[in-house]
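The block underneath contains the structure these notes are about, expressed in structure tokens.
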Amino acid sequence: MSYLIGQMMICLLLAALLGFLIGWALRALLCHNKISELEAAWEKRLAAAGAPVKRDDLKVIEGIGPKIEKLLNKDEIYTWEELAGAPLDRLRKILSRAGEHYRIHDPKSWPDQAKLASEGRWEELDELQEVLLGGREK
């Protein structure tokens with residue numbers, strides 16, 4: 001009798017494991033497709049609203065980290081070209097509005113760095129960044 005119960009438990013555990021694996025695989029496939037669909041719909045909405053679809057990695061600019069990148073994105077600066085064309089006063093206001101912690105950052109070199117990045121002049125950008133520390137000259 002205990003042998004039969006043991007066999008039934010093993011079969012139930014194997015069935016549960018198999019069901020879990022099949023469910024996990026299906027969810028991964030279906031969710032991945034759904035995420036792709038949602039991203040495509042979001043890009044269409046942004047394009048329809050006139051917002052830029054292209055987003056550059058602003059963190060390649062010395063002095064800009066993930067948090068400052070989010071602040072710039074909130075103020076509709078998404079690309080290196082937009083950052084290169086942003087007036088220094090606007091950049092300082094963005095930092096100032098974010099609080100005391102962000103006021104210590106100096107955005108003076110950001111437009112120049114962004115211009116080099118937008119033009120693909122990576123060697124010149126590296127040379128400029130070698131003399132910078134946190135966006136300021138060392």
Those residues of the range 113-137 which are crowded, with 16+ Cβ neighbours inside 10 Å and either on the phi < 0 side of the Ramachandran plot or assigned to a helix (DSSP H, G or I) (or both) amount to 113, 114, 115, 116, 117, 118, 125, 128, 129, 132
Picked from the range 79-94 (must be among the hydrophobic types (A, V, I, L, M, F, W, C) and assigned to a helix (DSSP H, G or I)), the residue farthest from residue 118 (Cα to Cα) is 94
Taking the range 95-110 and keeping only residues that are surrounded by fewer than 18 Cβ atoms within 10 Å (Cβ to Cβ) and either outside any helix (DSSP H, G or I) or in contact with a helix residue (DSSP H, G or I) (Cβ under 7 Å, 6 or more places away or on another chain) (or both), one is left with 96, 98, 99, 102, 103, 106, 108
Residue pairs qualifying under the 6 Å Cβ cut-off, at least six apart or on distinct chains, with the first in the range 116-130 being acidic (Asp, Glu) and the second being at pLDDT 90 or above and surrounded by 15 or more Cβ atoms within 10 Å (Cβ to Cβ), are 124/116
Report yes if residue 16 is in a helix (DSSP H, G or I) and at pLDDT 85 or above, otherwise no.
yes
Across (1) closer than 14 Å to residue 68 by Cβ; (2) touching a residue at least 24 places away in the same chain (Cβ under 8 Å); (3) not charged (D, E, K, R), residue 101 clears everything bar (2)
Those residues of the range 60-89 that are surrounded by fewer than 14 Cβ atoms within 10 Å (Cβ to Cβ) and either closer than 12 Å to residue 107 by Cβ or not assigned by TED's automatic domain parsing to the domain that holds residue 110 (or both) come to a total of 3
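The values are calculated or read from the model by the stated rules, or taken from the named source; none is laboratory data. A quick note: this is a predicted structure, and the numbers were derived from the prediction, not measured. Ideal geometry is used to build each Cβ from the backbone, glycine not excepted, and the neighbour counts take in all protein chains shown.
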